[in-house]
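The values are calculated or read from the model by the stated rules, or taken from the named source; none is laboratory data. Since the structure is predicted, the reported quantities are computational estimates derived from the model, not experimental observations. Here the Cβ positions follow ideal geometry from the backbone for every residue, glycine too, while neighbour counts run over all protein chains shown. For the accessible areas, the whole protein counts, side chains as well, though only heavy atoms, and no ligand, DNA or RNA atoms are used. Shrake-Rupley method; radii C 1.70, N 1.55, O 1.52, S 1.80 Å.
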Amino acid sequence: MADQPAIVLVCAGRGQRAGEGLPKQYRLLAGEPVVRRTLKALRAALPLAYIQPVIHPDDAELFASAAQGIDGILVPAPGGATRQASVLAGLAALEALSPALVLVHDAARPFVTTGLVNGVLTALQNGAAAVVPGVAIVDSIRRDAKGGTAPVDRSGLYRVQTPQGFTFADLLSAHRAVAGEDLSDDATVMERAGHAVAISGGDANNIKLTLAEDFVLAEKQIISALADVRTGTGFDVHRFEPGDHVWLCGIKVPFTQKLKGHSDADVGLHALTDAILMALADGDIGFHFPPTEAKWKGVSSDTFLTFARDRVLARGGMIANVGVTIICEAPKLMPWKAAMQERVAELLQIATDRVSIQATTTEKLGFTGRGEGIAAQAVATVRLP
């Protein structure tokens with residue numbers, strides 16, 4: 001369908017300047033992988049556009065997980081040793097579709113907006129062969145010079161961003177002509193082929209995540225847009241029955257009994273699921289997962305918690321912090337609390353320092369004091385747009 005624009009998503013880098021850990025495009029940013037946020041933003045801006053990812057061959061599983069549930073994503077192309085080689089690989093993968101226009105975007109720019117994309121496309125539709133979004137430089141500029149520094153006239157200078165837009169056939173031809181070189185961006189590739197490059201309006205918030213401190217800035221940027229702060233609580237109880245373990249906050253704890261329930265009876269995760277759903281005003285665990293339905297028999301409570309997490313993310317929100325208090329005389333939970341904290345953080349895709357796991361007793365009073373079962377109460381704070 002040649003009338004549809006296409007997007008080459010450059011996602012093959014290693015992001016070493018961002019510090020240790022996963023490549024930066026797969027690191028979590030306010031609960032979601034960076035590349036997933038980028039894909040969702042592009043899909044919102046261009047619901048019908050082809051998206052051609054270019055990824056590192058080692059990252060196939062990471063990308064598939066991050067892109068799950070997002071429509072219109074083509075089979076990823078393997079990236080090259082340089083950004084330029086990766087873009088060429090993406091363009092070659094799109095050649096059979098022969099789109100009229102193509103955007104090239106960095107996976108590490110998750111704040112791309114519909115307005116920014118439309119500005120690039122409008123310039124292309126008005127006859128430009130190459131368009132870059134740019135933000136005018138307003139700070140004073142100086143250049144290192146022998147014996148000191150020298151001022152630079154900032155008039156007419158721009159910070160260039162992505163997505164950069166092009167006529168597809170021209171960009172593919174230009175890239176093939178300079179294959180093997182290492183030019184700074186696709187606009188430079190087009191200039192080498194003799195094409196003029198136009199500038200459309202950029203967006204100061206459309207930052208590229210490069211250094212570790214960029215992630216701190218980006219999370220602040222997200223949080224500032226999530227001004228609807230909500231808190232929910234949850235409470236759950238399960239009685240004991242014969243067995244040899246209990247599931248608590250996603251961890252299998254050896255014990256002389258187990259908890260009775262339709263699912264795995266993880267009282268901690270049940271309470272936490274209800275807390276998140278309450279914060280969303282979105283029913284409760286029994287509404288979404290009725291115990292009368294056989295398909296939930298024996299299911300892991302991980303399913304319930306990740307469902308609640310995804311309800312938050314689907315509304316453009318984030319889980320700010322959660323806490324679970326487990327109430328029982330036994331088993332003793334101190335040896336397991338760190339593992340529970342890590343498991344809950346993993347399921348919610350948030351940092352461990354946003355998860356609190358506590359345990360207490362009722363001083364042998366009531367049903368928990370008599371050792372008849374376990375109770376749990378939970379609290380969750382979520383932020384929504």
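Some observations on this one:
- Basic side chains Lys and Arg get +1 at the Cβ, acidic Asp and Glu get -1 at the Cβ, and with that the dipole of the range 299-378 about its Cα centre reaches some 100 debye.
- Most mobile of ILE51, ILE326, ILE141 in a GNM of the chain (Cα contacts under 10 Å): ILE141
- Computed accessible area, TYR26, all protein chains, 1.4 angstrom probe, square angstrom: 10
- Heavy-atom accessible area ranking, 1.4 Å probe, most first, across GLU342, GLU372: GLU342, GLU372
- Charge tally for LYS260 (other residues, Cβ to Cβ under 10 Å; Lys, Arg +1; Asp, Glu -1): +1.
- The chain - share of DSSP beta bridges that are antiparallel (%, nearest 5): 65
- Prolate/oblate/rounded label for the range 194-314 (Cα gyration tensor, a/c 1.5): prolate
- Members of LYS146/LYS220; LYS295/LYS332; LYS295/LYS337; LYS24/LYS146; LYS260/LYS337 lying beyond 28 Å, as alpha-carbon distances in this model show: LYS146/LYS220; LYS295/LYS332; LYS295/LYS337; LYS24/LYS146
- Principal semi-axes of the equivalent ellipsoid, √(5λ) from the alpha carbon gyration tensor of the chain, are 50, 22, 18 Å from largest down.
- Using bins of 10 Å that start at zero, the share of Cα-Cα pairs per bin across the range 112-226 amounts to 12, 31, 34, 20, 3, in whole %.
- Computed from backbone phi, the HN-Hα couplings of the range 309-321 come to 4, 5, 5, 5, 5, 5, 9, x, x, 9, 8, 7, 6 Hz, rounded to whole numbers (Karplus: 6.51 cos²θ - 1.76 cosθ + 1.60, θ = phi - 60°; Gly and Pro given as x).
- Most mobile of ALA130, ALA89, ALA100 in a GNM of the chain (Cα contacts under 10 Å): ALA100
- Compactness index (Cα Rg / 2.2 N^0.38 Å), the range 235-385: 1.00
- Among HIS238, HIS56, HIS270, the residue with the largest mean-square fluctuation in a Gaussian network model of the chain, with springs joining Cα atoms closer than 10 Å, is HIS238.
- Of the GluC sites (Glu not before Pro) found in the range 17-123, the ones in coil according to DSSP and having at most 15 other Cβ atoms within 10 Å of their Cβ are GLU20, GLU95.
- Think of the range 176-300 as having a plus end and a minus end, set by charges on the Cβ of Lys, Arg, Asp and Glu; of THR256, ALA279, GLY194, THR256 sits farthest toward the positive end of this dipole.
- Amide H contacts for SER356 (H built 1.01 Å from N in the peptide plane; partners 5 or more residues away or on another chain; cut-off under 5 Å): VAL322, GLY323, VAL324.
- Cross-link reach list, aspartates and glutamates versus LYS364, counting only Cα pairs under 15 Å and skipping chain neighbours closer than eight places: GLU329, GLU372
- Residue ranking by accessible heavy-atom surface, 1.4 Å probe, largest first, among ARG109, ARG230 comes out as ARG230, ARG109.
- Label point 7 Å beyond Cα of ARG192 along Cβ direction - residues of the range 143-176 with amide nitrogen under 20 Å: 160-162, 164-176
- Distance (nanometres) between label positions extended 7 Å along Cα→Cβ at ASP153 and GLU181: 2.7
- Counting Lys and Arg as +1 and Asp and Glu as -1 over every other residue whose Cβ lies under 11 Å from the Cβ of GLY79, the net charge comes to 0.
- When only the Cβ of Lys, Arg, Asp and Glu is charged (+1, +1, -1, -1), the dipole of the chain relative to its Cα centre reaches about 480 debye.
- Three principal axis extents describe the C-alpha atoms of the range 287-337; from largest down they are 37, 33, 15 Å.
- Amide hydrogen neighbours beyond the local backbone of GLY373, cut-off 5 Å, H modeled: PHE240
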